[in-house]
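Step one of this worksheet: look at the structure below.
The values are calculated or read from the model by the stated rules, or taken from the named source; none is laboratory data. Note that the coordinates shown come from a computational prediction; the quantities given were computed from them, not determined experimentally. Backbone-built Cβ (ideal geometry, glycine too); neighbour counts: all protein chains shown. All accessible areas refer to the heavy atoms of the entire protein, side chains included, with ligands and DNA or RNA removed. Shrake-Rupley method; radii C 1.70, N 1.55, O 1.52, S 1.80 Å.
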Amino acid sequence: MNILIADDHVLIRNALAFFINTQEDMQVIGDAADGHEVYMAVERCPVDVVLMDVSMPPGENGFLTTKRIKEAYPHVKVIILTMHDGESFVREALIAKADGFLLKSAHEEILLHAIHHVYQGQRYFYGYTETDLAQITLSKEDTLYETLSKREKEILPLIALGYNNKEIAERLFISVKTVEVHKANIRKKLQLESYAGLLRYALKHHLIDF
């Protein structure tokens, strides 16, 4: 089982890798410190399970990276591994199509159980039953977000982080004109009229970290 570790703290990455590599049926094939690195690693490596931190500033956070991975590589399993508890974070994990949700304070054996669980195609949200998860419903804003295209979801956090049209175009290998069209579509679909509103939206929905 090939594991990828995503966390902005090198000590946590090293500790997790040391523990996981002691397991006979698991090996850590890479690690990453931010969302962009994680996505690139999944593109390059035969990853089975990603252990995904939520907060990895600066840039897109673990929820957004999870969404991108699950859209492009649905066979890759993603477990959100975070210090943040609470229903709002579980909701974001569900929206991102994460396969699991676990607190960093969890015992090592629970982590192993979660990895095996999701690898076998089952969802694992520690402390939550399937009934609990079904009751965590999507808000109107979440529904609006799902109307965005894959490319618009990539551009949204870049706009919020202050990238200009040329910088976004160079980063995503598209034209400036295409960026302008996507930006207009994003504001229309999310019903946002200003950059300030878009920034508040991105922060509220944990799409970026500073």
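If you place +1 on the Cβ of every Lys and Arg, -1 on the Cβ of every Asp and Glu, and leave all else neutral, what size is the dipole of segment 143-205 about its Cα centre, to the nearest 20 Debye? Walk me through the numbers on the way to the answer.
Details: 12 positive and 7 negative charges, 19 e Å.
The calculated dipole for segment 143-205 is roughly 100 debye.
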Ranking ILE79, ALA196, LEU112 by how far each Cα lies towards the positive end of the charge dipole of the chain (+1 on Lys and Arg Cβ, -1 on Asp and Glu Cβ), the top one is ALA196
Kindly write out, for segment 189-206 in residue order, the coupling ³J(HN,Hα) from the Karplus curve 6.51 cos²θ - 1.76 cosθ + 1.60 (θ = phi - 60°), rounded to whole Hz, with x marking Gly and Pro.
5, 8, 6, 10, 10, 9, 5, 4, x, 5, 5, 4, 4, 4, 5, 4, 9, 6
Non-local residues with an amide H under 5 Å from the amide H of PHE101, with H modelled 1.01 Å from N and Pro and chain starts lacking one, are ILE80, TYR124, PHE125, TYR126
Share of accessible surface on carbon and sulfur in the chain, whole %, 1.4 Å probe and ligands ignored, is 54
Among the listed pairs LYS166/LYS204; LYS67/LYS150; LYS77/LYS150; LYS70/LYS166; LYS67/LYS183, give every one whose C-alpha distance is greater than 21 Å.
LYS166/LYS204; LYS70/LYS166
Taking a label point 7 Å from the Cα of LYS150 along the Cα→Cβ vector, which residues of segment 23-39 have an amide N closer than 16 Å to it?
39
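Using only helices, what value at 222 nm comes out for the chain when you add -39,500 (n - 2.57) per DSSP H run of length 4 or more and divide by the total residues, to the nearest 500 deg cm²/dmol?
Numbers: 11 runs with 109 residues, N = 210.
Theoretical 222 nm ellipticity from helices: -15000 deg cm²/dmol.
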Calculate, in nm to one decimal, what GLU71 and GLN122 gain on full extension: separation in residues at 0.36 nm each, minus their alpha carbon distance.
16.6 nm
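Share of antiparallel DSSP beta bridges in the chain, in percent to the nearest 5? Walk me through the numbers on the way to the answer.
On the way: 2 of 21 bridges.
Close to 10 percent.
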Taking the Cα centre as origin and putting +1 on Lys and Arg beta-carbons and -1 on Asp and Glu beta-carbons, what dipole magnitude results for the chain, to the nearest 20 debye?
1000
In what sequence, highest mean first, do 144-157, 49-62 appear when ranked by Cβ atoms within 10 angstrom?
49-62, 144-157
From the phi angles alone, apply the Karplus equation (6.51, -1.76, 1.60; θ = phi - 60°) to segment 125-131 and give each ³J(HN,Hα) in whole Hz, x where the residue is Gly or Pro.
10, 4, x, 10, 7, 4, 5
Taking placed amide H atoms and a strict 5 Å upper bound, the residues 5 or more places from ILE174 or on another chain that come that close are none
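So if R0 is 41 Å, what FRET efficiency would GLU43 and GLN135 give, r being the distance between their Cβ atoms, rounded to the nearest 0.05?
Numbers: r = 35 Å, r/R0 = 0.86.
That pair, GLU43 with GLN135, gives E of 0.70.
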Can you quote the Å³ per residue value for the convex hull of the Cα atoms in the chain, rounded to an integer?
112
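Which length gain, in nm to one decimal place, applies between VAL181 and SER88 when the Cα-Cα distance is subtracted from 0.36 nm times their residue separation? Don't jump to the answer; show the numbers that get you there.
On the way: separation 93, 0.36 × 93 = 33.48 nm, distance 3.14 nm.
Stretched fully, the VAL181-SER88 segment lengthens by 30.3 nm.
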Long-range HN-HN contacts of ASP31 with modeled amide H, under 5 Å:
ILE5
